[in-house]
1. Restricting attention to the range 1-77, which chymotrypsin sites (Phe, Trp or Tyr not before Pro) occupy a DSSP loop and are surrounded by at most 14 other Cβ atoms within 10 Å?
2. Counting other Cβ atoms within 10 Å, which trypsin sites (Lys or Arg not before Pro) in the range 1-87 have at most 12 and lie in a DSSP loop?
3. Beyond 19 Å, how much of the Cα-Cα pair distribution for the range 7-104 remains, as a whole percent?
Amino acid sequence: MKRIECFMVPWLTLQLIFLTSFSLFVIVWWIATLLSLFNLVQYFHTNDDKGLTNSEFFVLTGVILTVVLFISMKVSHVLYKGFVRVRDQNISVYRVTEAIERDRTVLKPSYV
């Protein structure tokens, strides 16, 4: 089965754009978490809500976002390693094919 690395490039580009955007979002979230420790940022909840406090909500969500970011980075790394492997295989196949074609052609001397 012939593997074409050109089909993998759009997915790698999409993954790179996603990781960059998501990383920026996680960084902004942790900045908001730091601000929430001083009650400068609050999430909307009613007075009857007995759930998480403001700081607990931001820290817990920040930890979950960070874990998702690291998992996405690992998946992206696996995809990139697969792309490099397919590209290297295609280059080696091309070199072997090129060497066989050169071997079959007869070089004729040129006359001036």
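Every number in this text was worked out from the coordinates using simple rules, so none of it is lab data. All values derive from a computational prediction rather than experimental measurement. Quick reminder, even Gly has a Cβ in these numbers, built from the backbone with ideal geometry, and neighbours come from all protein chains shown.
1. Numbers: sites: Phe7, Trp11, Phe18, Phe22, Phe25, Trp29, Trp30, Phe38, Tyr43, Phe44, Phe57, Phe58, Phe70; in loops: Phe38, Tyr43, Phe44.
Loop-located and lightly packed - Phe38, Tyr43, Phe44.
2. Lys2, Lys50
3. Values: 2933 of 4753 pairs.
Percent of Cα pairs beyond 19 Å in the range 7-104: 62.
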